[in-house]
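Following: one structure in structure tokens, then a few remarks.
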Amino acid sequence: VSTQSTGQQVRRDTNRYSVRLLREYNDAVTHLIFVTDGPMTCGRTAKYLQGIAAGKWLLSFKWVEQSLHLSKFVNEEPYELVGDYAAPHSYAPRSSRISRIMSQPPLFTNLTVFIVGEIKLMPRKEFIQIIEMVGVNVLPTAGAADSERSVFATQSQVRPLVDAVVTSFDEVTGYELEPIAAQWLLDCVANYKILPLNRRSRRTDTQTQERSSEEQTQARTQ
């Protein structure tokens, strides 16, 4: 459930049903519920991306309301989200869910990445979880953020890989890799398709944020 107030309401109303309401996402989740606008869209949150990556039902809270009103679980499909605010017509929730049902290969089947620097878009652990669920192989890195991993990569191990996810071009010096932005991977998940790798995709997340701020400033001064 996407908001605290909505979660409290659902918890009160579903006590009489065999429904388990979870505060955090895990593999046991079958349905993720979101407060939506008219066109069945919501914000691009970590839980939204986790749901797509795992092929779960992503539904409007209206499904809960209608199910409670009729005292039974109604068909989910009319209440399935069609996208988020940034990609309102992606139909990614349905695409990923059908892909999982059909036991199709993950979104990425031959991509290994090495994460350099800080992930500013969300907590690093959630970012890694999301991209690993869609098939990305994340090469472990040495550091406190990866202390639970038993294998650490050296620079010589990284060099043969195809891509690196970075937040600054300065940090990738010496790895001889073409950097891609972490945002590009999340955009691919949100659309549930592999998007073109253009210059904007290869711009690091810090540069993207700086460029966006500059464009907003220029717009205000014009």
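Some observations on this one:
- Residue within the stretch 112-120 that is basic (K, R) and free of Cβ contacts under 8 Å to residues at least 60 places away in the same chain present: no
- If you go through the stretch 32-60 and pick out every residue that is assigned to a helix (DSSP H, G or I) and of a type in the set (A, V, I, L, M, F, W, C), you end up with 5.
- Residue ID - farthest from L58 (Cα to Cα), chosen from residues in the stretch 32-46 that are open to solvent by 20 Å² or more (accessible area, probe 1.4 Å) and among the hydrophobic types (A, V, I, L, M, F, W, C): A46
- Just so you know, in the stretch 88-125 the residues that are among the basic types (K, R) and touching a strand residue (DSSP E or B) at 6+ places or on another chain (Cβ under 8 Å) include one that is surrounded by the most Cβ atoms within 10 Å (Cβ to Cβ), and it is R97.
- Residues of the stretch 83-98 classified as part of a loop (DSSP other than H, G, I, E, B) and farther than 15 Å from V35 by Cβ, total: 6
- Scan of the stretch 126-137 for residues that are among the β-branched types (V, I, T) and either open to solvent by 10 Å² or more (accessible area, probe 1.4 Å) or touching a Cys at 6+ places or on another chain (Cβ under 6 Å) (or both), ordered by number: I128
- Only residues that are assigned to a helix (DSSP H, G or I) and open to solvent by 50 Å² or more (accessible area, probe 1.4 Å) were counted across the stretch 61-80, and they come to 7.
- Check on I119, β-branched (V, I, T) and modelled with pLDDT under 90: yes
The values are calculated or read from the model by the stated rules, or taken from the named source; none is laboratory data. Remember, it's a predicted structure, so these values are computed and weren't measured experimentally. Using ideal geometry, Cβ is built from the backbone for each residue, glycine included, and neighbour counts are taken over all protein chains shown. Surface accessibility is based on the protein's heavy atoms, side chains included, excluding ligands, DNA and RNA. Shrake-Rupley method; radii C 1.70, N 1.55, O 1.52, S 1.80 Å.
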